Amino acid sequence: MTQTVLVTGGTGRLGRGVVARLVGAGCHVHVLARHVRDTPPGVAFFRGDLRKGEGIEPAVEDVEAIIHCATSTTGDAGATRNLVIAAARAGSPHLVHPSIVGIDQMAAWGYVEQKLEAERIVEGSGLPWTILRVTQFYDYCFENSRKLARFPVAAPVPAGFAVQPVDSDEVAARLVDLALGEPAGRAADMAGPSASSWVDLFRSYLSATHRHRLVVPVRIPGSRAVRRGALLPAPGHTTATTTWEQFLTKRLQHNAAAESA
Ligand SMILES: NC(=O)c1ccc[n+]([C@@H]2O[C@H](COP(=O)([O-])OP(=O)(O)OC[C@H]3O[C@@H](n4cnc5c(N)ncnc54)[C@H](OP(=O)(O)O)[C@@H]3O)[C@@H](O)[C@H]2O)c1
């Protein structure tokens, strides 16, 4: 049976991949975001603001599942609460919620607190739910590497950060599989194929982009949990296959092609 699925934040990094996979799977797709951006043909775009509680009802109408990819630096808990209330009124679709590995071990700061609270709201929503905690996306590491490489001679990189980043396209595929299946509660964490450090990721970026910088590891205050591995997935996690090096090759080729077009 063809399913109708709402992707909140379907124009973001993760959301775009989710939308493409759902379209490929033959689903009817709704997208909810604050700003109109290009979406694939046939996708129904709903302009709304989850945080303000605006424009949610039409987007959740007649959907069998919601993949909740919307996020912003502040207010994710309130946004999730508003989504859950509208979804419950619209017939209680399966709510699939991406979250972040290790958030319960990190020092409490705004975004992490909001993400933890959002998880609690999903768990207590009364809706059928699935939560998938994932590690940092390669896209995010790439953007940060690019910023660090702007330092002309020496780049300060967080010291001892243990990470196991993942390709957001593979996360998108996993979220779609979960959304089209039975509610799973807390699914196994998902991460990329290898654990690394921020310093090593940045060194690989420099090598792939033929840049030379002195890499200066800098101890970040309050980062002890991250240095002890809080961002690494729990045993038994789902492992994606794309490596950081493969991602870099693909992304740099894509960027070069876009520049020469
Ligand atoms: N990035 C990572 O490394 C990473 C790692 C682990 C987990 N995650 C999780 O993955 C999810 C997606 O992250 P992402 O990096 O793909 O985010 P993103 O690229 O910043 O995209 C955010 C999306 O949410 C929409 N949005 C923001 N505020 C909204 C609001 N109030 N109402 C409706 N839509 C809103 C944005 O569109 P508009 O601005 O137009 O509204 C955009 O489509 C989040 O739950 C995040 O915590 C991310």
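The values are calculated or read from the model by the stated rules, or taken from the named source; none is laboratory data. The model shown is predicted, which means the values in this text are computed figures rather than measured ones. Reconstructed Cβ throughout: ideal geometry from the backbone, glycine too, with neighbour counts over all protein chains shown.
Observations
Per-residue answers, yes or no, for (1) under 17 Å from the mean Cα position of the chain (by Cα); (2) of a type in the set (Asp, Glu); (3) farther than 30 Å from residue 208 by Cβ:
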residue: 105; (1), (2), (3): no, no, yes
residue: 118; (1), (2), (3): yes, no, yes
residue: 126; (1), (2), (3): no, no, yes
residue: 136; (1), (2), (3): yes, no, no
residue: 140; (1), (2), (3): yes, no, no
residue: 146; (1), (2), (3): no, no, no
residue: 149; (1), (2), (3): no, no, no
residue: 160; (1), (2), (3): no, no, no
residue: 165; (1), (2), (3): yes, no, no
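- Near pairs, Cβ below 7 angstrom, 6+ apart or cross-chain, from region 157-169 (over 14 Å from residue 241 (Cβ atoms) and of a type in the set (Gly, Ala, Ser)) to any residue that is within 15 Å of the ligand (Cβ to nearest atom) and not in a helix (DSSP H, G or I): 162/231; 162/232
- Among residues of region 67-80, those that are crowded, with 21+ Cβ neighbours inside 10 Å and either touching a strand residue (DSSP E or B) at 6+ places or on another chain (Cβ under 6 Å) or not in a helix (DSSP H, G or I) (or both), counted: 5
- Complete set of residues in region 81-108 that are within 21 Å of residue 182 (Cα to Cα) and in contact with a strand residue (DSSP E or B) (Cβ under 9 Å, 6 or more places away or on another chain): 83, 84, 87, 93, 94, 95, 96, 97, 98, 99
- Condition check for residue 181: surrounded by fewer than 18 Cβ atoms within 10 Å (Cβ to Cβ) and among the small types (Gly, Ala, Ser): yes
One line per residue, one yes/no per condition, for (1) within 22 Å of residue 137 (Cβ to Cβ); (2) in contact (Cβ under 8 Å) with a residue 40 or more places away in the chain; (3) touching a helix residue (DSSP H, G or I) at 6+ places or on another chain (Cβ under 9 Å); (4) among the charged types (D, E, K, R):
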{"position": "5", "(1), (2), (3), (4)": "yes, yes, yes, no"}
{"position": "9", "(1), (2), (3), (4)": "yes, yes, yes, no"}
{"position": "25", "(1), (2), (3), (4)": "yes, yes, yes, no"}
{"position": "28", "(1), (2), (3), (4)": "no, no, yes, no"}
{"position": "33", "(1), (2), (3), (4)": "yes, no, yes, no"}
{"position": "56", "(1), (2), (3), (4)": "no, no, yes, no"}
{"position": "63", "(1), (2), (3), (4)": "no, yes, yes, no"}
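- The strands (runs of 3 or more DSSP E) found entirely in region 1-66 that carry 2 or more residues being modelled with pLDDT of 95 or more and away from the ligand (no atom under 15 Å from the Cβ) are 4-8.
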